[in-house]
1. Residues with amide H under 5 Å of R91's amide H, sequence separation 5 or more or different chain, H placed in the peptide plane at 1.01 Å from N; which?
2. Going by C-beta contacts inside 10 Å, put C53, C27, C86 in order with the fewest on the left.
3. Please list 3J(HN,Hα) in residue order for the range 53-60, calculated via the Karplus relation 6.51 cos²θ - 1.76 cosθ + 1.60 where θ = phi - 60°; whole Hz, with x for glycine and proline.
4. I need the Debye-formula profile for the chain: one equal scatterer per C-alpha, no solvent, reported as log10 I(q)/I(0) at q = 0.10, 0.11, 0.18 1/Å, two decimals.
5. May I ask you to list the trypsin sites (Lys or Arg not before Pro) in the range 11-83 that are in a DSSP loop and have at most 13 other Cβ atoms within 10 Å of their Cβ?
6. Size of the dipole of the range 1-98 about the Cα centre, Lys and Arg at +1 and Asp and Glu at -1 on the beta carbon, nothing else charged, in debye to 20?
7. Cysteines without a disulfide-compatible partner in the chain, using Cβ under 4.7 Å as the rule?
8. If I take R0 = 22 Å and measure r between the Cβ atoms of L41 and R91 in this structure, what FRET efficiency does the formula 1/(1 + (r/R0)^6) give, to the nearest 0.05?
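Read-outs: derived from the displayed coordinates by stated rules, not from any lab. Everything numeric in this text was worked out from a predicted model, so none of it was measured. FYI the Cβ positions are ideal-geometry reconstructions off the backbone, even for glycines, and counts take in every protein chain you see.
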Amino acid sequence: MSTHSVSVHPDGRTFLVPDNANLREACLREGVRIYYGLGRLANCGGRGRCGTCVVRIQDGQSNLAVPTPRERDRLASFGPGMRLSCQTHIRGPLTFDPRG
């Protein structure tokens, strides 16, 4: 099974994930904070409904699975380079900012 390097910007933390790993689940497992403000308490639990787990992809956008229809609908209100971590599957090296 192949693994991919995931870098968290700006703190410089890096960890490995298996191919097709879910970004939200990997962050929670590695202790990377992805929920801020009320999102820590009021989030959809990874179902792509709320947008509280939005992250900014800085490098490696092409190494991610294409956005799901639910994610595309939710991301319409966010800028370019943003993804919902709960709907994002990693297929190559990635650098992202969890603060969106």
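1. Answer set, sorted by chain and number: N20, L64, A65.
2. Values: C53 26, C27 23, C86 29.
With the fewest neighbours first, C53, C27, C86 line up as C27, C53, C86.
3. 3J(HN,Hα) across the range 53-60, in whole Hz: 9, 5, 10, 9, 7, 9, 7, x.
4. Once normalised to I(0) and log-transformed, intensities are -0.22, -0.27, -0.76.
5. On the way: sites: R13, R24, R29, R33, R40, R47, R49, R56, R70, R72, R74, R83; in loops: R33, R47, R49.
Qualifying residues, ordered by number: R33, R47.
6. Working: 13 positive and 8 negative charges, 69 e Å.
Dipole of the range 1-98, to the nearest 20 debye: 340 debye.
7. Here C27, C53, C86 come out as lacking a disulfide-compatible partner, given the Cβ-Cβ threshold of under 4.7 Å.
8. Numbers: r = 32 Å, r/R0 = 1.44.
Given R0 = 22 Å and the Cβ-Cβ separation, E is 0.10.
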